[in-house]
Amino acid sequence: VTLPFGVGALGVAYPAALAALLGLPLFFVGASRFRLAAACRALAAALVVLALAGLSLERAHPEAGTCVVAAIDVSASVGSAARETAHAFLARLVPALGARDAIGAVAFAGRTRVLARPVAGRARLDALVPGGDLDDLEPDETDLAAALARAAALCPDDQQAALLLFTDGNETVGSLLAEAALAEPRVPIYPVVPPPARLPMGTVRRLIAPPLAPAHAALPLEAVVESRAVAPFGAALAVSVNGEALLPVPVELPPGVSAVRLPYRFENAGSYLLEAKLLLAPDAPPAPGAVAAGITVTQPLRVLVVSERAQPVVALALVRRGMDVEVTAPAGLAARVGHLAEYHLVVLEDVARAGIPERALDALARWVAGGGALIATGGAHLFGDGGFAGTALERVLPVELQSQRPEPKEREPIALYLLIDRSNSMGYASGPDLQYGAKMEYAKRAALAVVDQLGPRDLVGAIAFDSEPYELGPLLPLAEGRAALTAKIRQLRYGGGTDFKEALDRARRSLVAAGRRVRHVVLLTDGDTNRSAPDHDHLIADLARDDVTVTTIRIGHDTVNLDLLNKISRATGGAFHHVEDVQALPQLMISDTQHLMDAAANHREAPPRLAAGGAILAGIAEDELPRVSRWAITRPKPGAEVRLWVEAGERQDPLLATWQYELGRTAALPIDFQGGGAAWPTWRGFAKLWSQLAMWAAPRGLAADRHLEARRLREGTLVRLETVADGAGPFVLRVPEVGEVVLRPTGRRAFVGVVPPLEAGVHPAVLAAGGHEEPVEIIVPARSASGRELRAAAPNLVLLERVAKLSGGRLDAGAGEILAARPGVGRERVPLEGWVVPLALTLILGDIAARRLAR
Amino acid sequence: VTPGLANPAGALALGAVGVLVVLHLYGRRRRTVPVGTLFLWQRVPAEPLDRRRFRPDLLFVLQLGLLLALIAGFVRPYLEAATPAAERVRLLVVLDVSASMQAREEGGTRFELARRRARALVAQLLTGDEVMLVTAAERAHVLLAWTADHARAQDRLEALEPLDTPTDLAAALELALGERRARPETQVAVLTDLPPEASGVAHEELAYVDWVQIGRSDDNVAITGLSVEAPPFHPAGDATATVLVRNYAHVERRVVLEARVGTETWARRELVLAPRGAEPVLLTDPPADGELTVTLAVDDALAVDNRALAELPASRPLDLLVVSASRELGAAVGKLGASVAASRVRTVRPERLAEAEPARAVIYDRVVPPGPPRAEPALYLEPPAGNPVCPGLRPVDDAAVIDWDVDHPAVAGLDGLEALTLEHAVQLVTPSWGSAVVLGATARGAFPLLVAGERDGRRLACLGADLAGPLVSSDDVPFLVLLLSTLRWLEEPPGGAALLVETGVPALAGSGVAEFHGPGLQVAGDPPVLLAERTGLYRVGGRVVLANLFDDRESDIGRSGGGEWPATARPAAASAAGTARRELGWWLYLAAAALLALEWSAWQARRPRRVA
């Protein structure tokens, strides 16, 4: 008989005894005056019969009790969420346990630890839920299968077993499904998934870093972060290098996976272990532990720039980006071809064929084919030099050299006046990098560079000014006045106030008197003028009327006079530049002069167009690229990639073409950055473009570079060596603590060896190969995880549902369901004689009382 | 025989006897005395004294008997017969049957020595003693549940053989200790070649365990790893294999390694291995494709790890159909095909797809043809929005690969995918039939770039990128590798590649593998799970399964001396007597039932009847 409200079901042990109930009516025979007594007697007799039949209440619990084992996930992806969920769940379950029920617990991540073996009786919650240090359980992995195998063995054979699995279901090793399918006897699994609010809101899934990288270069480091929140939230990315923490990087994490760039430059060569961890708000569940990446930093990129110029702008740009640049004249290349293996990159900067021996070009081509990198840049001087036809250089370049359109032999001479501020402030040190007087020196250098650009028939004059103008040289053809003018410029000293109006007017009059079509003034000043701005209005009008263009260059960080100078330039059709970095001054003035000369030669400037930019032009927009007025005409070879081009009538001329030449990479930039592309060196992105181009072209390392990484195994440390060049080895690794290990090849450039276990940290060692020994550092990470632990975007409910179904359990089941006896399991029987017999006694006494009192 | 009461508290019911007596006294005091004349009242005063005297009658006696019988049944009396402790023993034997137990020692293998000890323990048991046998390999297995049939236990032990699997003693010990907790008189004996410290069980728990460690020899050279690298669509001759050989002995060993592909010898190398040293051996230029068997010719103590199996996949040139309206992609893929010997790449425009001959895989370029799908596995490039196969959200610019599923066979073994950048990509959505294999990201967040899976029994992949550019760009060599790797996975015939497993490690068998129970291998469950217990080659439903033992712990057989650790704490209940209890309550209830009827009958008989 099933009782209501889930109380259970009534049953008897000896059903045959119930036949005695048929005799109960006999008690009512002849007892009409004693009906009450007869009823009591009959009821008492019925109860005695039930006691004889063994009446009992059958409850939902199993007869031998339930053995519950709580398996609690403490892996990094879950954090403390499973523990908190387990605590709350077990707090409800434990009071519901019967006298025969037993409960135990295991904690698991990569390994499993038994916290409490199942015992009957009231269990203490704190003994069932793990706390304290759990690092020995390898939180960077999750082995659900091992946890199941361990937990299932804890219950004795005769008890109904149940496994409560508190986890997010994201296993990184083993197969829970496989274990559940093969386990005998099958233990029902009841997965309990922590609510999303308890799981870490965000995590760093991986750190992307190249294994080998040069020092001083901006490395493309990226942290792949994941947010489980539904809306963006703020966090900080804590990065450490070899255990030394850097300033946390604030990040705004969008929902889902995203990448955070972590631009970083290593100053010194060596082995580094990068670690990144997400810092979340104090009230949020903490993010899992750090992810790590090993990186070997080699010497800075070594670049050999071959140029006919003493200070090529390309070399300056590369130096600014921290590269180790060596400049040599074309003749010097021959002396270095035997040592090209010491360089990452060779740049041929507007060199002519005549200065380079053929054997040097052959050696250069062989080096490129073997994995070297070459960039050729320049104008028609290089790309139009017929001497390169049929040489090894023509073979390796991604463009075909073309005959160039002849330059006009005669250019209209121009008339140019240089107005140079020599006030006191030109002597001040305006920044931490500049010494006292350096500003004046750069101004003089810039003026001399302008003079160098001009032709002998150009008219050049110069005036220095403080509160008064001082003529350095009258407006004369350069052929006549060059020596005197350059000498005067070199002797220039600072001192006095600032007033350029008189100097500007004097220059205007001289230029008008000279009668040339192209009339230009370059006004260079760093401070306030003694006059008010409106005082200059008439002069500006006169300059505009007389077609005298004025380029004004304002040096310094302050903003005084900016409006006035800008107004002069705009009104006269010149350019205005506010220069904060005086080191850029010479190139700026060269660029301005080139622009002027192009105008005189009727050259039109064209905008460069971006094609397949890739990593070389990453972060560079097409509209920020400076225009070019002249370039060498080339044709891309089949298979070459044109990354920048310029429209020339119906042609599309490449400005940057690249390709892979056997094992090496080459690029061609047919622009002379001190000629037709003179505006480029003053563009902010110039150094970036060149550094990205150099990084793209350069090999991963020099032949002598190696990347050594270590990984902790269960019974040793696996050391893996990666080389840049083929044919290296055999390598012997000497580690002071463990002795000597031969690293054996496992691939063309990979070698491995297993050494006895090394502690986490940096271990100095010696790498020996071919009689040469070099000190190296082995960085052994504290953990060597598979990297899978933090990649799960959400709990793996599919797996948990499948395993629950397979094993006979259910996802997110209640305590009652877990403790209930399953089909085929004997149920707990509670004998009811404790109720039946006292009741029978009472009824018998009632019967006797009724009979006696009725008498 | 000892009597006792199971419910002594039931004696409180004796209060009912007092109630019975009171009822009888009350009844007497209230007795009605009919008199015919007041004269007779003179006789009445003498009677109260008489009434106060309690005179039990037959009814009272019957009623008292009834109550006492019920109360006696309620206190549950029993008779208990005690069994002397010395007469009953429970013995639980845990026997290690892992691979290292096959190691040869003086007098036989470790397993044979252990079995001999186990049989001796069982032989010492007396009639009535119970025994349970548990084997420990990679998992615990109850070989024989509690039984007093010692001959059966001996037979089971005799029939037992060691497996080729690793050891997990902890599971078997937990099982044994669980039994000991349930039956505290249980004595546990563990026979293994591992020391107690390697058991994975707390030291204090082992205080209840008799531990017998067997074995001393460290004379073992093993193949501890075998991996094959075969570039996709390359001739079989381009495959390489790396074998890792390790000497676990503390003396130098010379061994000869021989590699055979099918019946052809590939390589034969003589190796000199330093004490405890390891040697990776790179094998190149295989003579053919097929099953690779690497063996060590060495006379060492453990033979099971001297052989390893792998598969050199058959050379399958690219056989591809490109469905594209763009000549650019067709040309680029054609160029790719030209670089792979004997490949066949055809390009058709989408409208002529029906006329195209079958291929091993199809690339759909920016098109998802309507109608029933072709039978070939397919890769959809830059699938158009709103298509039913590869749902996509929107095109995005400046994307980069940020993550990928290293475990997915479509990208297995690929490095350097993080270097991939894409000017234009299509943000895909993970479909129900597949999973995200490669993740891309823009400044606005991440999205699936490559999804792969099976739909209606054929493999599909969707790539949210245009391949024409990357195939000719020197920047994007990893993209080319990704394409080839994905195509190889797509083209792989179902069940074509051998399944490589390690003994004792359950593995998902994949589709097409039916349930199988054979010696050394079993496949069960849904999805089917495979477990190899012996090394070797198996054929299961057309699929080849190669099982190896690569386990440092098993191969490192050296033991420091061995020895025995008898239990320091005896089973708590070993000295307690066993008992047999006989309950008497039922008979007392039966007596009460009889008295109930008898007393009623007696009352009926004595009661004055009304005369009509």
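Throughout, read-outs are computed from the coordinates displayed, never taken from laboratory work. In this text the structure is predicted, and so the values were computed from the model without any measurement. FYI the Cβ positions are ideal-geometry reconstructions off the backbone, even for glycines, and counts take in every protein chain you see.
Quick look at the numbers
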{"quantity": "Mean separation of Cα contacts under 8 Å, 6 or more apart, over the residue count of region A:119-196: relative contact order %", "calculated": "34"}
{"quantity": "Alpha-carbon centroids, region B:210-225 and region B:6-24: separation in whole Å", "calculated": "73"}
{"quantity": "Likely footprinting exposure, B:HIS424, B:HIS250, A:HIS536, fewest C-beta neighbours within 10 Å first", "calculated": "B:HIS250, B:HIS424, A:HIS536"}
{"quantity": "Virtual spin-label span in nm between A:ALA231 and A:GLU244, 7 Å along Cα→Cβ", "calculated": "4.1"}
{"quantity": "Sequence ranges A:270-283, A:652-665, A:53-66, ranked by mean other-Cβ count within 10 angstrom, highest first", "calculated": "A:652-665, A:53-66, A:270-283"}
{"quantity": "Leading residue at positive end of dipole, the protein assembly as shown (Cβ point charges), from B:ALA172, B:GLY464, A:ALA236", "calculated": "B:ALA172"}
{"quantity": "Burial ordering of A:CYS155, A:CYS40, B:CYS462, fewest other beta-carbon atoms within 10 Å first", "calculated": "A:CYS40, A:CYS155, B:CYS462"}
{"quantity": "Sorted by Cβ neighbour density within 10 Å, fewest at the top, the residues A:GLU138, A:GLU817, B:GLU423", "calculated": "A:GLU817, B:GLU423, A:GLU138"}
{"quantity": "Cβ-defined net charge surrounding A:LEU448, 12 Å radius [Lys, Arg +1; Asp, Glu -1]", "calculated": "+3"}
{"quantity": "Cα-centre dipole for region A:554-643 with unit charges at Cβ (Lys and Arg positive, Asp and Glu negative), debye to 20", "calculated": "480"}
{"quantity": "Cα long-axis angle, helix B:110-123 against chain B (0 to 90 degrees, to the nearest 10)", "calculated": "10"}
{"quantity": "Computed E for A:GLU84/B:ASP526 - FRET, C-beta separation, R0 35 angstrom, nearest 0.05", "calculated": "0.55"}
{"quantity": "Separation of the B:GLU351 and A:GLU326 label points, Cα + 7 Å toward Cβ, nm", "calculated": "6.4"}
{"quantity": "Mean separation of Cα contacts under 8 Å (6+ apart) over length of chain A, as relative contact order %", "calculated": "15"}
{"quantity": "Segments A:358-367, A:439-448 sorted - mean Cβ within 10 Å per residue, highest first", "calculated": "A:439-448, A:358-367"}
{"quantity": "Residues with amide H under 5 Å from that of A:GLY473, placed H, sequence gap 5 or more", "calculated": "A:ALA462"}
{"quantity": "Per-residue mean of C-beta atoms belonging to partner chains within 10 Å, peptide B:399-412", "calculated": "3"}
{"quantity": "Over 29 Å (Cα to Cα) - which of A:LYS488/A:LYS688; A:LYS439/A:LYS567; A:LYS637/A:LYS688; A:LYS444/A:LYS567 fall in this group", "calculated": "A:LYS488/A:LYS688"}
{"quantity": "Given charges at Cβ of Lys, Arg, Asp, Glu: chain B dipole, positive-most of B:VAL281, B:ASN220, B:ILE557", "calculated": "B:ILE557"}
{"quantity": "Viscosity 1.567 mPa s, temperature 4 °C, Stokes-Einstein D of region B:154-210 from Kirkwood C-alpha radius, µm²/s", "calculated": "102"}
{"quantity": "Highest to lowest packing among B:392-402, A:385-395, scored as the average C-beta count within 10 Å", "calculated": "B:392-402, A:385-395"}
{"quantity": "Over chain B, relative contact order from alpha-carbon pairs under 8 Å, at least 6 apart, %", "calculated": "16"}
{"quantity": "Neighbourhood charge, 11 Å Cβ-Cβ cut-off, centred on A:SER425 and excluding it, Lys, Arg +1 and Asp, Glu -1", "calculated": "-3"}
{"quantity": "Gain upon complete extension [A:GLU412, A:ALA533; 0.36 nm per residue less C-alpha separation]", "calculated": "40.1 nm"}
{"quantity": "Among A:GLY771, A:ALA840, A:VAL803 - extreme Cα towards positive end, dipole of region A:754-847, charges at beta-carbon", "calculated": "A:ALA840"}
{"quantity": "Shielding by partners, peptide A:45-53 (average Cβ within 10 angstrom, other chains)", "calculated": "5"}
{"quantity": "Alpha carbon centroid spacing (whole Å) that separates region B:135-158 from region A:729-744", "calculated": "48"}
{"quantity": "Within chain A, percent of DSSP bridges classed antiparallel, to nearest 5", "calculated": "60"}
{"quantity": "Within chain B: Cβ-based charge dipole about Cα centre, in debye rounded to nearest 20 (Lys, Arg +1; Asp, Glu -1)", "calculated": "5800"}
{"quantity": "Compactness of the protein assembly as shown as Cα Rg over 2.2 N^0.38 Å, two decimals", "calculated": "1.35"}
{"quantity": "Within 10 Å of each Cβ in A:149-162, the average number of Cβ atoms from other chains", "calculated": "5"}
{"quantity": "Cα-centred dipole magnitude for the protein assembly as shown, charges only on beta-carbon of K, R (+1) and D, E (-1), debye, nearest 20", "calculated": "7520"}
{"quantity": "Estimated 222 nm signal from helices in the protein assembly as shown, with DSSP H stretches of n ≥ 4 weighted -39500 (n - 2.57), rounded to 500", "calculated": "-7500 deg cm²/dmol"}
